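Participant: Please read through the structure below; I'll follow up with questions.
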Amino acid sequence: MSANLDIRLKRANKVYHEGEVLAGVVVIISKEAVQHQGISLTMEGIVNLQLSSKSVGVFEAFYNSVKPIQLITSNIEVVKPGKVPGGKTEIPFEFPLNVKGNKVLYETYHGVFVNIQYTLRCDMKRSLLAKDLSKSCEFMVHCQPQKGKLIPSPVDFTITPETLQNVKERGSLPKFMIRGRLNATSCVITQPLTGELVVESSEVPIKSIELQLVRVETCGCAEGYARDATEIQNIQIAEGDVCHSLPIPIYMVFPRLFTCPTLETTNFKVEFEVNVVIVLHDDHLITENFPLKLCRV
Amino acid sequence: MATVQWYSRVRNYEAELQVCRLESVPVEFGDYHPLKPITVTESKSRRGGRKGSTSSSSSSSSSAAPDPLSSMLDGTDPLSLFAAASASEAPALSHAAGSGELGRKRKEKEEEGAVGLDFEPWSAKRGEILARFTTTEKLSINLFMGSDKGKAPSPGSAVSEKVRTRLEELDDLEEGSQREMLNLSQQDYVNRIEELNQSLKEAWASDQKVKALKIVIQCSKLLSDTAVIQFYPSKFVLITDILDTLGRLVYERIWSMCSDSRLLPDSFSVDDVNDTAKETCLNWFFKIASIRELIPRLYVEAAILKCNRFLSKTGIQETLPRLTAMIRGIGDPLVGVYARAYLCRVGMEVAPQLKDSLNKNFFDLLGSFRQIHGDSVQNQLVLQRVEVPVYLTLYSPAINWTLQCVSYRAPEALLTEMMERCKQIGNNALLLNSVMWAFRAEFVATRATDFISMIKDCDEAGFPKHLLFGSLGRSLACADPPESERLPILNEAWRVITKVRSPQDYISCAEIWVEFTCRHFTKREVNTVLSDIIKHMTPDRAFEDAYPQLQSVIRKVLTYFHDFSMLFSMERFLPFLDMFQKDSVRVEVCRSIMEVFIKYARPFILNALLHVCKTMHDSVNALTLDDEKRSLALLINGFIRMVSFGRDFEQQLSFCVEARATFCNLEPVMVQLIHTVNQLAMETRRVMRGSHSRKTAAFVRACAAYSFITIPSLSSIFSRLNLYLLSGQVALANQCLSQADAFLKAAVSILAEVPRSISVEGKLRSSEGFLLDFVNNFLSTLLVVPDHPEQGVLYLVRGLLNMVQDYTWEESSDAKVRVYVSALPLLSAMSQETYLYSIAKVDSNETLYGGDPKFLAEINKLCETLIGQVLDHLKTLGTNEGVRRQGSLAFSLFGCLLAHGDLRNNRLNQLSVNLWNLSHKHGYCDTRTSVRTLEYIKHQGQQPNMSHFSDMVQRLSLQSRA
């Protein structure tokens, strides 16, 4: 006697906003009638914080501050104990996405040290002899569009051996001159990062030019904090010795789930940066860093 | 049964013919008659109105019968109607006010959007590229499924290569596995790629979408690898096939998601797409946008470009320029150019109306053109030991394709601009070549002189010049340059072509220019060109490697020179033919010459063609297939039929003599020759209006002699028999009595040689039917053949009948008796006062004997013997199996008696009644025939002097089947 439990949300993209109603159906498929002790739905939104291994040793004291932060929770009983008839049964449900007090629903974000996740879990309790059934599904929350108009502020940059920091032997560096511009560093998360880049000259042929999207996650409180930068994705925009003085487009789509509007709270921060990485044929690695501010409009 | 005395019925052929004819009824004027000239009175403007110009002539009424074919085409033909309708639709719409404007715009848009048939599709190029860009070097495929962090094991590891490959094969394409295949031959490589294509389809079918995507990403990654660079174009073709597969699969999948309730029309809009489909589509794009490497990201996104239609109306329009710009990031110029070609291809397929991105592609290409001559490329070439000209030709397919897309239906101004931009770039031979290749031929032709000077300015070490001239020649073969420039163009071009060293390069270029030369110049120039080709191709027997090109030269010359006298008066034409020294090719060429010759027969130089035909003929040997022989013979026959010396018949005969000597191995040709000679004799007769002079008489006798000595060389017995008979008839018609006699005697004498079975179309069949046919034909000829004064009466008839008697017929066959029965009508006809037919100026037996009673008695005696023989045979058929044959045989004898015997004679009458009864005795006869025969007899009985027929009917009874 096997029953199949499933949750289907009304929206195909599973994206909801604060104040909206999360609606869908619980689907039970079984050949025969299923005896149960009640079916319940739990909606939960949690921020999980984690310390990187390097921080753990240093800040033992943090342990308190890294316990999950609950953003929203709600539980309803969908069906009272009884029997679900055989075949396919659909039970509709609705959850209003309202928060208590002055809490805010942060946007869904899957990171390394910070995870903001919203789940909907359906449990079917059954008698002692049969196993309980459970099914959970994640839904996405997008935060409310930020007020205020975003004025695109292009950033021009020039990279030459002289502009570099952290260089050990400046003398051994080949000569090069790379100019570029980012159309904006305050980006709308649904719009790609754009710009262009011109290799004006380079003594050594270029091997590759990449855009590295980096997340900077900070966890902490009054006692101290841990800040870690990790790579989200690396997008190659040029391969090989590209034509000089021909503009190469900079274009990167912000991946869903792995990015969110830049977030700053009392306990944690999620910020983003982009690195323009130029790899020369002699494996010299030149990086130019640009902090980004992501927002949703 | 006692012998029956024969009495022939006296026939009045003229009267009988009158009776048989239908009564003639004059046709009243105005009556319908299908063959009467048609008078058109009704105006056709109703149906002609739509078509404009053609209607003007058809609206007037004409009394002449219109040609049924042309009247068919005049509007009523559904095909031309459609064509006319579609041609006139656009102007018709523009006449309509208001909404017409809108309609036309839409129409224009459609026209712009659709890619017409005049656009040469990619599929046509594919095979060409694969065949052209090959390598003998070892290739490798390096695939990392899953994460690419793990490095390939160093090649120097202890495990031998083979074992490693095997181990890797075991890993297959599992998640996270990596595979490196080294030392692949080109064929292996192609097979591997095909395997990948298959596993992509399998992965897709088993719902492993991620794996499918991974396969495609890995494959497109191979496109960034330019090791073994001369294979790159082919690699591109192979891998883009896989990308196309993915593009199709994804599009179909999403499309099917939309059509849960109803099928989505092809022209769907974004609003018709449901959320699930959109989400899936979006997922694909996000997934692709996060592909790390540039080249796979570019190719895969281009592959599913069409899917943008599910997301937004302007998606494709926005994506194309972005992808175009993205290609700038590709450093290797070759890789970049091919990426552009792919993008153009996808763009043309998905959104042909978006010309801008195509143009932008081209201008970007120009922008990065200097890369081709950059240091990185040079280093790579040195490393791979590839020469610059070879390297540059690798670009051609991609640039050609890009330009083809750009220039497709492009306005003149744009083309001019592009050309100007190309001119400004240094080292532009490669571009020049593609421009000539891809732009409209007319465009190139009008600027041919410019192009030549540009070509001359090109760098010697770069793109091979003969290819440039080849491309120019190709354009000029399709479109004509201005009249005044033609000769200078040819001179300039040929000056370069003739300097090309390598015979292969030379001929491939010269071959193209032959067309231009033939098209616009006279035999003098063509002759010069041919002699130049001979000069280049003869040293070291270079022609041996260039047969296809040489053949194509001949074909082109033949296309433009139909006048064979001109063709063969070209000094170098026959020497050119001598270059074809391989038998099969030689025959092939001769064939094409003959085909053209037969098509456009004109006065010509005989010897040359005889030479051509002899070549074909001499290729026949013991191993030649029958089909081959037949088709060769067909061509030679065609040739022989075309030969005519007008009134010079003797010349014609001597040609036939020569031809006989030349083509002795092909029997059908011999047969044709005999027919030709016979025809010649009859033609002579016609010219002389039946009465020969001494000279012509001698000539026709010579013709007869020709046939007489040619026929025995044939192996087919029936050809011999029939030709003897035919030639005999011809000789008779030409009053050559002794010759005719000889022919017929010869025919009779070889009758005995006829085998019992002959092979017809490979199957063994009894010859009896053929023999019977022949004998009947022969008998009817004998009526007009006068007896030989030195031989006995009816010498030939007797001879024939003796042969028939002695011939070993098949057992249990009535053929012999049937011959006897069919001899009876002949004998009966011979005993008439005037014969049914005769030959002008030849006295038949009717005049020779003048109804001499002795002669008649001879005939009757002969008939008696024959009837006796038949009756004897009938008796032997009394047994069980024979009764059916007995019945039918008796009935045919009855019919013969009825038609040709004088039934007023009681004995004959009685005999016929007996035969009737015999034929009905066993009920095997066809009742319907019997009934109709009875009716006939009744009908005949009503004629005067035929009353005995009515009496006879009384005695004939129909026997119902037991």
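The values are calculated or read from the model by the stated rules, or taken from the named source; none is laboratory data. This one's a predicted model, so the numbers in the text were calculated from it and none came from an experiment. So basically every Cβ, Gly included, is an ideal-geometry build from the backbone, and we count neighbours across all protein chains shown. Heavy atoms of the whole protein, side chains included, go into the accessibility calculation; ligands, DNA and RNA do not. Shrake-Rupley method; radii C 1.70, N 1.55, O 1.52, S 1.80 Å.
Participant: Could you work out how much longer the chain between residue B:719 and residue B:562 gets when fully extended? Use 0.36 nm per residue separation minus the Cα distance between them, nm to one decimal. Walk me through the numbers on the way to the answer.
Facilitator: Numbers: separation 157, 0.36 × 157 = 56.52 nm, distance 3.53 nm.
Result: 53.0 nm gained on full extension.
Participant: If you take the Cα atoms of the range B:531-596, find Rg, then find the Kirkwood Rh from the mean of 1/r over all pairs, what is Rg/Rh? Let's see the in-between values first.
Facilitator: Values: Rg = 11.4 Å, Rh = 12.1 Å.
Over the Cα atoms of the range B:531-596, Rg/Rh equals 0.94.
Participant: Here's a follow-up. Given H placed 1.01 Å from N in the peptide plane, which residues other than close sequence neighbours of residue A:198 have an amide H under 5 Å from its amide H?
Facilitator: So residue A:198 has HN proximity to A:179, A:180, A:248.
Participant: Moving on to the next point. Explain nothing, just the number: dipole magnitude of the range B:764-888 about its Cα centre with +1 on each Lys and Arg Cβ and -1 on each Asp and Glu Cβ, in debye rounded to the nearest 20.
Facilitator: Working: 10 positive and 16 negative charges, 54 e Å.
Value, rounded to 20: 260 debye.
Participant: Name the residue farthest towards the positive end of the dipole of the protein assembly as shown from the options B:718, B:804, B:190, assuming +1 on Cβ of Lys and Arg, -1 on Cβ of Asp and Glu, about the Cα centre.
Facilitator: The Cα lying farthest towards the positive end belongs to B:804.
Participant: Okay, next question. Starting from the Kirkwood Rh over alpha-carbon pairs, what translational D in µm² s⁻¹ does the range B:810-884 have by Stokes-Einstein at 37 °C and 0.692 mPa s?
Facilitator: Working: Rh = 14.3 Å.
It diffuses with D of about 229 µm²/s by this estimate.
Participant: Give me the net charge for the shell around residue B:611: Cβ to Cβ below 12 angstrom, other residues only, Lys and Arg +1, Asp and Glu -1.
Facilitator: Details: positive: B:586, B:614; negative: B:578, B:618, B:658.
Taking every other residue near residue B:611 into account, the sum is -1.
Participant: Using the Karplus curve 6.51 cos²θ - 1.76 cosθ + 1.60 with θ = phi - 60°, what ³J(HN,Hα) values do you get for each residue of the range B:687-699, in whole Hz, with x for Gly and Pro?
Facilitator: 5, 7, 6, x, 10, 7, 7, 5, 5, 5, 4, 5, 5
Participant: For residue B:311, tell me the accessible area in Å² from a 1.4 Å probe, rounded to the nearest 10.
Facilitator: 50 Å²
Participant: Got a sec to turn the phi values of the range B:625-641 into Karplus ³J(HN,Hα) couplings, 6.51 cos²θ - 1.76 cosθ + 1.60 with θ = phi - 60°, whole Hz, x for Gly and Pro?
Facilitator: Along the range B:625-641, the couplings run 6, 4, 4, 4, 4, 4, 6, 4, 4, 4, 5, 5, 4, x, 4, 4, 5 Hz.
Participant: Would you please classify the overall shape of the range A:84-189 from the alpha carbon gyration tensor, given that a ≥ b ≥ c denote the square roots of the eigenvalues, rounded means a/c under 1.5, and beyond that prolate means a/b larger than b/c while oblate covers the rest? Don't skip to the end; give the middle numbers.
Facilitator: Working: a/c = 4.06, a/b = 2.46, b/c = 1.65.
Verdict is prolate for the range A:84-189.
Participant: Name the most mobile residue of A:67, A:175, A:131, meaning the one with the largest mean-square fluctuation, in a Gaussian network model of chain A with Cα contacts below 10 Å.
Facilitator: Evaluated over chain A, the most mobile residue of the options is A:131.
Participant: Can you check what the net charge comes to around residue B:482, using other residues whose Cβ is under 13 Å from the Cβ of residue B:482 (Lys, Arg +1; Asp, Glu -1)? Write down the numbers at each step before the final one.
Facilitator: Working: positive: B:447, B:486; negative: B:442, B:450, B:480, B:483, B:485.
For residues surrounding residue B:482, the net value is -3.
Participant: Using a Förster distance of 25 Å, how high is the FRET efficiency between residue B:583 and residue B:132, based on the Cβ-Cβ distance and rounded to 0.05? Walk me through the numbers on the way to the answer.
Facilitator: Working: r = 29 Å, r/R0 = 1.16.
Here the calculated transfer efficiency is 0.30.
Participant: Over 5 Å intervals from 0, what percent of Cα-Cα pairs in the range B:750-890 sits in each interval?
Facilitator: 2, 9, 18, 19, 17, 14, 10, 7, 3, 1, 0
Participant: Once Rh is set to the Kirkwood radius over Cα pairs, what Stokes-Einstein translational diffusion coefficient, in µm²/s, holds for the range B:288-426 at a temperature of 25 °C and a viscosity of 0.890 mPa s? Can you show the working numbers first?
Facilitator: Details: Rh = 15.9 Å.
D, rounded to a whole number, is 154 µm²/s.
Participant: Compute for chains A and B the buried accessible surface, both sides summed, probe 1.4 Å, and express it in Å² to the nearest 100. If you can, show how the numbers build up before the last one.
Facilitator: Details: alone 16020 and 48810 Å², together 62700 Å².
Interface area, both chains combined: 2100 Å², rounded to the nearest 100.
Participant: While we're here: Any chance you could tell me what percent of the C-alpha pair distances in the protein assembly as shown go past 45 Å?
Facilitator: Values: 511932 of 791911 pairs.
I get 65 percent for the Cα pairs in the protein assembly as shown exceeding 45 Å.
Participant: Add +1 for every Lys or Arg and -1 for every Asp or Glu among the other residues with Cβ under 13 Å from the Cβ of residue B:220, and state the total. Spell out each step's value before the answer.
Facilitator: Values: positive: B:214, B:221, B:235, B:292, B:297; negative: A:239, B:225, B:241, B:244, B:293, B:301.
Combined, the nearby Lys, Arg, Asp and Glu give -1.
Participant: How much space per residue, in cubic angstrom, does the convex hull of the C-alpha atoms of the range B:821-962 take up?
Facilitator: On the way: hull volume 17.9 nm³, N = 142.
Value for the range B:821-962: 126 Å³ per residue.
Participant: Bin all alpha-carbon pair distances of the range B:664-722 at 5 Å intervals from 0 and give each bin's fraction as a whole percent.
Facilitator: Reading the bins upward from 0: 4, 19, 27, 20, 13, 10, 6, 1.
Participant: Sum -39500 (n - 2.57) across every DSSP H segment of at least 4 residues in chain A, then divide by the residue count to get the 222 nm mean residue ellipticity, nearest 500. Display every interim value, and only then the final one.
Facilitator: Numbers: 1 runs with 6 residues, N = 297.
For chain A, the value works out to -500 deg cm²/dmol.
Participant: Computed over the Cα atoms, what is the radius of gyration of the range B:676-788 divided by 2.2 N^0.38 Å, N being its residue count? Numbers along the way, then the final one.
Facilitator: Numbers: Rg = 15.1 Å, N = 113, 2.2 N^0.38 = 13.3 Å.
In units of the 2.2 N^0.38 Å rule of thumb, it is 1.14.
Participant: Once phi is turned into θ = phi - 60°, what whole-Hz ³J(HN,Hα) does the Karplus curve with 6.51, -1.76 and 1.60 give for every residue of the range A:86-92, x standing for Gly and Pro?
Facilitator: My calculation for the range A:86-92 gives x, x, 9, 10, 10, 10, x Hz in order.
Participant: Continuing with this model, one more query. How many percent of the accessible area of the protein assembly as shown is carbon or sulfur, using a 1.4 Å probe?
Facilitator: Numbers: 32770 of 62700 Å².
That fraction is 52 percent.
Participant: What is the distance in Å between the Cα centroid of the range B:474-517 and that of the range A:220-297?
Facilitator: Taking the Cα centre of the range A:220-297 as reference, the centre of the range B:474-517 is 59 Å away.
Participant: Please list, in chain and number order, the residues 5+ apart from residue A:207 or on another chain whose amide H is under 5 Å from its amide H, with Hs placed from the backbone.
Facilitator: Counting only residues 5 or more places away or on other chains, the set is A:279, A:280, A:281.
Participant: According to the Kirkwood expression over distinct Cα-Cα pairs, how big is the hydrodynamic radius of the range B:371-454, in Å?
Facilitator: Values: mean 1/r = 0.0720 Å⁻¹.
Its Kirkwood hydrodynamic radius stands at 13.9 Å.
Participant: Which of the GluC sites (Glu not before Pro) found in the range B:286-395 are in a DSSP loop and have at most 15 neighbouring Cβ atoms, other than their own, within 10 Å? Numbers along the way, then the final one.
Facilitator: Details: sites: B:293, B:301, B:318, B:349, B:387; in loops: B:293, B:387.
Answer by residue number: B:387.
Participant: Treating only the Cβ of Lys, Arg, Asp and Glu as charged (+1, +1, -1, -1), what charge dipole size does the protein assembly as shown show about its Cα centre? Round to the nearest 20 debye. Mind dumping the intermediate values first?
Facilitator: Values: 139 positive and 142 negative charges, 396 e Å.
Roughly 1900 debye for the protein assembly as shown.
Participant: Count, for each residue of A:131-138, the Cβ atoms from other chains sitting within 10 Å of its Cβ, then give me the mean as a whole number.
Facilitator: Numbers: counts 0, 0, 0, 0, 0, 0, 0, 0.
That average works out to 0.
Participant: Enter the mean number of other protein chain beta carbons within 10 Å of the beta carbon of each residue in B:289-302, as an integer. Please list the in-between numbers first.
Facilitator: Values: counts 8, 11, 3, 5, 6, 10, 3, 1, 4, 1, 0, 0, 0, 0.
Mean shielding count: 4.
Participant: Next up: Expressed as a whole percent, how much of the Cα-Cα distance distribution for the range B:749-809 exceeds 13 Å?
Facilitator: Numbers: 1232 of 1830 pairs.
I get 67 percent for the Cα pairs in the range B:749-809 exceeding 13 Å.
Participant: Which value does Rg/Rh take for the range B:205-325 over its C-alpha atoms, Rh per Kirkwood? Kindly include the intermediate steps, with their values, before the conclusion.
Facilitator: Values: Rg = 15.3 Å, Rh = 15.3 Å.
Looking at the range B:205-325, the ratio lands at 1.00.
Participant: Hey, how much of the P(r) for the range B:474-540 falls beyond 21 Å, as a percent of Cα pairs?
Facilitator: Numbers: 433 of 2211 pairs.
Of the Cα pairs, 20 percent sit more than 21 Å apart.
Participant: Are there trypsin sites (Lys or Arg not before Pro) in the range B:662-722 that DSSP puts in a loop and that have at most 14 other Cβ atoms within 10 Å, and which ones? Walk me through the numbers on the way to the answer.
Facilitator: Working: sites: B:685, B:686, B:689, B:694, B:695, B:701, B:720; in loops: B:689.
Those satisfying the criteria are B:689.
Participant: Find, among the trypsin sites (Lys or Arg not before Pro) in the range B:600-684, those assigned to loop by DSSP (not H, G, I, E, B) with at most 14 other beta-carbon atoms within 10 angstrom. Provide the component values of the computation, followed by the final result.
Facilitator: Numbers: sites: B:614, B:629, B:630, B:641, B:647, B:660; in loops: B:647.
Passing sites in the range B:600-684 are B:647.
Participant: Enumerate the lysines that residue B:125 could reach by cross-link, defined here as Cα to Cα under 21 Å, with residues fewer than 8 away along the same chain left out.
Facilitator: Candidates past the 8-residue exclusion: B:235.
Participant: Work out the length of the dipole vector of the range B:866-962 about its Cα centre, built from +1 on the beta-carbon of each Lys and Arg and -1 on the beta-carbon of each Asp and Glu, and round it to the nearest 20 debye.
Facilitator: Working: 11 positive and 6 negative charges, 34 e Å.
Here the size comes out at about 160 debye.
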